[in-house]
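So the structure is just underneath, and the comments pick up after that.
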Amino acid sequence: MENTFINPLEDPCFKTLFGPKIGRKNMLNFLHALLPQLGITEIEYLDTEQMGLSPEEGKSVFDLSVLTGDGSRVIIEMQKTNLRHFNYRSVYYTSHAVQVQAARERDRQRDELIARRCEPYWNYWFPPVYFIGVLVNGMGGQGTGDGGGKPYIREFRLRDTKTGEDMGVELNFCYLCLDRFCKSAEESRDLTDRFMYSLKNIYGLKEMPESFGDSEAMIELYERSMLANQPVETLHEIEVHRNMTTKNDILVAIAEAREDAREMALAEGEARGMSKGEAKGRAEGRSEVARAMLGRGMDIAVIADVTGLSAEQIRAL
């Protein structure tokens, strides 16, 4: 069956639909749905590459990053795989944004005080930072799920662990857990639910759900998502992305499996002796690598080469 719409859960498609070339309205509508309290009317797209503090750290590359009219910084990251420590990655990414926000506010306060002929200083306040994660298959070790009453929108801030009192620091994390979202189009009545439904299901649809026809935001999203409306360069980028087995995919799978193998080996070693534990851990670790790579749609020959397992062992997983 020929698809009507592009898949927003593929990296180039997501960046196209919400990026600066054709996705500005979609981004504004998306932020209106998730952050209505900000009353966002304008955005400025920012550089998605942020250098680390040292060459060893390399750089962080966000999917999308915008500055709102009131000076708030919003990072949007779409993650297809159930990536271990994604919560840590979220904090790491926002730490870069905090530094940029702080530097911008420090300069603003300095210029304002100099204009008033006062001694320049910075009071450490910085404009709000928001991280929005669109998670297709769960967040790290928390796993995936088919709903079952689990919250599909998760929001975090800094709070007192005993009283729940808000610390007042505008550092905000919002995760859209698509694996937990089970509503039908008719059940998706508010704009946030409609965005979640569309992100999860649009690739398999032939047309926009009839119940979404009263929403200008949804009409814009579906029109921009139509395969027939994509420029040639975008279609080429999508095709390259689909057919590419990246070195990074393999390295991530290997690193995660090695960590699993080490943990398994230690646990087994305590009970039966370290040598037996390490052997079992290595064997189970290779199986975990293979499962992870199968989940990413990698070729069995590639998996066999990386893990040392036979094709028959891999098919049996």
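Full extension of the segment from V91 to L158, taken as 0.36 nm per residue of separation minus the current Cα-Cα distance, would add 22.9 nm.
Here segment 78-222 exposes an accessible surface that is 51 percent carbon and sulfur, computed with a 1.4 Å probe and the other protein chains kept in place. For R154, the solvent-accessible surface computed with a 1.4 Å probe is close to 60 Å², ligands and nucleic acids excluded. The label point for I219 and the one for R315, both projected 7 Å from the Cα toward the Cβ, are 5.3 nm apart.
Label separation (E49 vs N3): 2.8 nm, computed from points 7 Å beyond Cα along the C-beta direction. Each label point was placed 7 Å from the Cα along the Cα-to-Cβ direction; for E42 and R189 their separation is 3.6 nm. The three principal axes of the Cα atoms in segment 109-219 give end-to-end lengths of 64, 38, 23 Å, sorted in falling order. Averaged per residue, segment 163-223 has 49 square angstrom of accessible surface, using a 1.4 angstrom probe with ligands and nucleic acids left out. With a Förster radius of 25 Å, plug the Cβ-Cβ distance of V240 and K206 into 1/(1 + (r/R0)^6) and report the FRET value to the nearest 0.05. Once rounded, the FRET efficiency stands at 0.45.
The values are calculated or read from the model by the stated rules, or taken from the named source; none is laboratory data. Please read all numbers here as calculations on a predicted model, not as lab measurements. Glycine gets a Cβ as well: all are built from the backbone with ideal geometry, and neighbour counts include every protein chain shown. Calculation scope for accessible area: heavy atoms of the full protein, side chains included, ligands and nucleic acids excluded. Shrake-Rupley method; radii C 1.70, N 1.55, O 1.52, S 1.80 Å.
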